[in-house]
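Notes for the one structure printed next.
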Amino acid sequence: MADLMEKIVSLSKRRGFVFPSSEIYGGFGSCYDFGPLGVEMKNNIKKVWWDEMLKKQNDIVGFDAAILMSPKVWKASGHLTAGFADELVECKKCHKRFRLDEIKKPSGCPDCGGALTKPKKFNLMMKTFVGPVEDEAAATYLRAETCQGIYTNFKNVLQSMRMKIPFGIAQIGKAFRNEITPKDFIYRTREFEQMEMQWFCEPKTGPKLFDYWKKQRINWYLNLGISKKNLRAKEVPKNELPHYAKRAIDIEYRFPFGWQEIEGIHNRGDWDLSNHSKHSGEDLKYEGYFPYIIETSVGVDRSLFAFLCDAYTEVKGGRTKTTKSAKELEVLLKLDKSLAPIKAAVLPLVKNKAEIVKKAKQVYQILKPHFMTQYDEVGSIGRRYRRLDEIGCVFAITIDFDSLKNDDVTVRDRNTMKQKRVKIKDLIECLRKQL
Ligand code: GAP
């Protein structure tokens, strides 16, 4: 689907997943805001990941470090030196800037053909000032990866939680990079959220654990419904490794604009703990050695984008041939139940029958504390089903004339469109079992 990108961007805006930041002022440097459905979906992704790390896997504890840290952290981590910089060229004619690794023929400007400047290193850290004086002594940086706050707290966690190697620390939080070429909707932005897990282990066990985590992480996506044909793991060549990594693979998703990384698995060796030991003077060894770190690092926003692309389905001619829309194109968002922002919607069959509306509102109030639920009485029932399919709502619950007699409802399953009658008193249990 060549125009899938446009469709996802339009659906995201129209249905309240993602809006451009500061839109009424003309937008702002590729920042995005997550709308009512976007924030639900983001929260769901984070919850599924957190549960995976802290409940399904063993020996992992959670963490939440401050975004602002001492600038010494970034000196020690290598982010302030050449390690964390992109090479940038500028067009002498139109003055547009490009990442050197992104232009196919570095001889001319991809936009206007103008001559390009020599490549220049451009550091990606976002600088800010702490306190009232804006001088170098007050300067620090917004974190470019969440994990550094974990490394500086390695000893604190080890001691307070009485951990023994091997063990992991997981964290979800915002990260910032002054990207030269933010692009492709929420794929590459300057502010984004990461879900990172750092696994501390004996150096010799590193390679085996790298393979273990690679497999676990690929399975995570497959279990959440990403199609196998759209997912692959790519070994990062030695000359392209991040400055901290001994080995890296990118888990890539086939986006509408091509295969691109959604998650990195890194063997960071002892780079971080040994450098922080050296720079801070604090001995971060464990039983006389620096543990190796195997890291899994995924963007919340980027994975949300991949989940949306993968779930987006169009049904030509409509899903049911009985509705008036039979000739229309219907959109079905086949999101995994755990990720779908809205789990249930309550629909009175008609809105001009007071008893039906009253009952529907009662059912809505019953479900609302338990599941993300919507109430919708506007338009024909077919139209309402289509609106719900488009946002991936898992169950549509209709209150009809029989509901008044029997105290029951019909529950329509989004994927199969099958309907079954369920007593109102059993409804919570019935949905809970399936969700
Ligand atoms: N701690 C390791 C680390 O940060 P990375 O490969 O630079 O590794 C990991 O980033 C993940 O963070 C990426 O796979 C991506 O999902 C997300 N990410 C990185 N830069 C991003 C950006 N500018 N916009 C959105 N997501 C980004």
(request) Mind listing whichever residues of region 124-145 are of a type in the set (A, V, I, L, M, F, W, C), open to solvent by 20 Å² or more (accessible area, probe 1.4 Å) and more than 12 Å from Ser70 (Cα to Cα)? (result) Met126, Val133
(message) Quick check on Leu332: is it of a type in the set (A, V, I, L, M, F, W, C) and either part of a strand (DSSP E or B) or surrounded by fewer than 17 Cβ atoms within 10 Å (Cβ to Cβ) (or both)?
(response) yes
(request) Evaluate the following for Val9: is it open to solvent by 50 Å² or more (accessible area, probe 1.4 Å), touching a Pro at 6+ places or on another chain (Cβ under 9 Å) and over 20 Å from Gln198 (Cα atoms)? (result) no
(message) So, Glu261, is that one under 20 Å from Asn44 (Cβ atoms), acidic (Asp, Glu) and at pLDDT 95 or above or not?
(response) no
(message) Test of understanding: among Lys121, Lys92, which residue is away from the ligand (no atom under 16 Å from the Cβ), within 20 Å of Tyr244 (Cα to Cα) and either out of contact with any Phe, Trp or Tyr (no Cβ under 6 Å at 6 or more places or on another chain) or open to solvent by less than 40 Å² (accessible area, probe 1.4 Å) (or both)?
(response) Lys121
(request) Report the residue count in region 1-18 for those that are of a type outside the set (A, V, I, L, M), in contact (Cβ under 8 Å) with a residue 12 or more places away in the chain and part of a helix (DSSP H, G or I). (result) 2
(request) Determine, yes or no, whether Thr181 is β-branched (Val, Ile, Thr), part of a loop (DSSP other than H, G, I, E, B) and surrounded by fewer than 18 Cβ atoms within 10 Å (Cβ to Cβ). (result) yes
(message) If I ask for residues that are within 15 Å of the ligand (Cβ to nearest atom) and over 20 Å from the mean Cα position of the chain (by Cα), which ones from region 133-147 would you list?
(response) Tyr141
(request) Please go through region 233-287 and pick out each residue that is closer than 16 Å to Ala306 by Cβ, surrounded by 21 or more Cβ atoms within 10 Å (Cβ to Cβ) and either among the hydroxyl-bearing types (Ser, Thr, Tyr) or more than 15 Å from the ligand (Cβ to nearest atom) (or both). (result) Tyr253
(message) Given the options Gly35, Gly16, Gly29, name the one that is on the phi > 0 side of the Ramachandran plot and open to solvent by less than 30 Å² (accessible area, probe 1.4 Å).
(response) Gly16
(request) Just give me the residues in region 346-373 being crowded, with 23+ Cβ neighbours inside 10 Å and either assigned by TED's automatic domain parsing to the domain that holds Leu11 or free of Cβ contacts under 8 Å to residues at least 40 places away in the same chain (or both), in sequence order. (result) Ala360
(request) With the condition kept exactly as written, say whether any residue in region 184-198 is in the same structural domain as Val18 (by TED's automatic domain parsing), open to solvent by 30 Å² or more (accessible area, probe 1.4 Å), part of a loop (DSSP other than H, G, I, E, B) and within 12 Å of the ligand (Cβ to nearest atom). (result) yes
(request) Kindly indicate whether any position in region 165-173 is more than 11 Å from the ligand (Cβ to nearest atom), outside any strand (DSSP E or B) and surrounded by fewer than 20 Cβ atoms within 10 Å (Cβ to Cβ). (result) yes
(message) Let me spell it out: the conditions are (1) open to solvent by less than 20 Å² (accessible area, probe 1.4 Å); (2) more than 14 Å from the ligand (Cβ to nearest atom), and Trp220 meets all of them except one. Which number is the exception?
(response) (2)
(request) Kindly indicate the residue of region 38-48 that is of a type outside the set (A, V, I, L, M, F, W, C) and under 20 Å from Arg217 (Cβ atoms) and also surrounded by the fewest Cβ atoms within 10 Å (Cβ to Cβ) among those meeting that condition. (result) Lys47
(request) Report, by residue number, each residue of region 288-317 that is open to solvent by less than 30 Å² (accessible area, probe 1.4 Å) and more than 30 Å from Tyr32 (Cα to Cα). (result) Pro291, Ile293, Ile294, Gly317
(message) So, Asp51, is that one without any contact (Cβ under 8 Å) to a residue 12 or more places away in the chain and either under 20 Å from the mean Cα position of the chain (by Cα) or open to solvent by 30 Å² or more (accessible area, probe 1.4 Å) (or both) or not?
(response) yes
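Can you tell me which residues in region 353-381 are part of a loop (DSSP other than H, G, I, E, B) and not hydroxyl-bearing (Ser, Thr, Tyr)?
Lys353, Lys368, Pro369, His370, Phe371, Met372, Asp376, Glu377, Val378, Gly379
Could you check how many residues of region 19-33 are without any contact (Cβ under 8 Å) to a residue 60 or more places away in the chain and not in a loop (DSSP other than H, G, I, E, B)?
Within region 19-33, residues that are without any contact (Cβ under 8 Å) to a residue 60 or more places away in the chain and not in a loop (DSSP other than H, G, I, E, B) number 6.
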(message) Please list, ordered by residue number, the strands (runs of 3 or more DSSP E) wholly in region 107-160 having 3 or more residues that are without any contact (Cβ under 8 Å) to a residue 60 or more places away in the chain.
(response) 120-123
(request) Any residue in region 224-252 that's on the phi > 0 side of the Ramachandran plot: show its pairings with residues that are more than 13 Å from the ligand (Cβ to nearest atom) at Cβ separation under 6 Å, as long as the two are six or more apart or on different chains. (result) Gly225/Asp336
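The values are calculated or read from the model by the stated rules, or taken from the named source; none is laboratory data. Computed from a predicted model, the values in this text were never measured in an experiment. Quick reminder, even Gly has a Cβ in these numbers, built from the backbone with ideal geometry, and neighbours come from all protein chains shown. Each accessible area value is taken on the protein alone, full model and side chains, heavy atoms only, with ligands, DNA and RNA left out. Shrake-Rupley method; radii C 1.70, N 1.55, O 1.52, S 1.80 Å.
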